[in-house]
Each structure stands twice: as structure tokens, then as C-alpha cells.
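Step one of this worksheet: look at the structure below.
Only the coordinates and a few stated rules stand behind these numbers; no lab work does. Please read these numbers as outputs of a predicted model, since none were measured by experiment. Here the Cβ positions follow ideal geometry from the backbone for every residue, glycine too, while neighbour counts run over all protein chains shown.
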Amino acid sequence: MSRFIKSFGFALNGIVYAFKTQPNFKYHCALTILAVTLGWYYRLNNSEWLWIMVAVAMVLISELLNTAIEILVDLVSPTYNKKAGLVKDTAAAAVLIAAIIAAAIGLIIFVPKFL
């Protein structure tokens, strides 16, 4: 059981690391707080909350995976390497696509409430 509990500590370390070192992760966390606050204010229904949760999870998970990939690439390729750069670019593109889809979900849910 203690190994199970320790694994939560390791995961928390990863989240703290990302929050301290990755400006985009901070930005996404701030937007998460904004989306949740707006959701409470506008009293979203269950299906709207589910879409918001999926959007938030998709972006935060992709940002954490991008951070892990960047760390690993820097470890195995400390000097410039074109292919290593492409790996980082592709991981960043995954975050961008997740963020665009999340923004679209947010607009679909919140714009009618603003109007």
C-alpha cells in the first residue's frame, strides 16, 4: 500500500514541476479556473460539465506529456539535433490541437450563455 501512496507523490511532483517550469501549463491552469468559475456562474448542466472536464483533461494531459517528452529529448540529445527538434515540435503540435479543440468546446458552451 505504501508503494501505491508513494506513486501519488511522484505524480504530484510531476505536476508541481510542470507548474513551476512551464509557462503554458500555468496558462492552461488559469484557463481551467476561469472555465470552472464560469461554469458555476452559468450553472452548466451535467453534459456541459462533462465536455468541460474532457477539454480540460485533454489539454492538461497533453501539456504534461509534452513536458515529459521535452525532458527526455533533452536528456538523450543535449546538443542540437534536427530529429530531436521535430520530436519536440510534434509534441507541441499535439498540445496546440488539444487547446484548439478545447477552445472550440468552450465557445460552443459559453457563447450562447453570454448572449
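Taking the beta-carbon count within 10 Å as an exposure proxy, list VAL56, VAL87 from fewest neighbours to most. Before the final figure, lay out each step's value.
Working: VAL56 20, VAL87 16.
Exposure proxy ranking, most exposed first: VAL87, VAL56.
Between LYS26 and LEU12, how many nm apart are label points set 7 Å from Cα along the C-beta direction?
Going by the 7 Å Cα→Cβ label model, 2.2 nm.
Less than 23 Å apart at the alpha-carbon level, and either on another chain or at least 8 residues along: which lysines does that give for LYS6?
Answer for LYS6, where 23 Å is the Cα cut-off: LYS20, listed by chain and number.
What chymotrypsin sites (Phe, Trp or Tyr not before Pro) does the range 6-115 have in DSSP loop regions with at most 11 other beta carbons within 10 Å? All intermediate terms of the calculation are to be shown ahead of the outcome.
Working: sites: PHE8, PHE10, TYR17, PHE19, PHE25, TYR27, TRP40, TYR41, TYR42, TRP49, TRP51, TYR80, PHE110, PHE114; in loops: TYR42, TYR80.
For chymotrypsin sites (Phe, Trp or Tyr not before Pro) across the range 6-115 that sit outside H, G, I, E and B with at most 11 neighbouring Cβ atoms in 10 Å, the list reads TYR80.
So what does log10 I(q)/I(0) come out to for the chain at q = 0.13, 0.20, 0.22 Å⁻¹, using the Debye formula with one equal point on every Cα and no solvent?
-0.62, -1.07, -1.17
What are the trypsin sites (Lys or Arg not before Pro) within the range 41-115 that DSSP puts in a loop, where the Cβ has at most 14 other Cβ atoms within 10 Å? Walk me through the intermediate numbers first.
Working: sites: ARG43, LYS82, LYS83, LYS88, LYS113; in loops: ARG43.
Within the range 41-115, the qualifying trypsin sites (Lys or Arg not before Pro) (loop, at most 14 other Cβ atoms within 10 Å) are ARG43.
Per the helix-only calculation at 222 nm, which mean residue ellipticity applies to the chain, given -39500 (n - 2.57) for every DSSP H run of n ≥ 4 and division by its residues, nearest 500 deg cm²/dmol? Write down the numbers at each step before the final one.
On the way: 4 runs with 103 residues, N = 115.
Here the helix-only value at 222 nm equals -32000 deg cm²/dmol.
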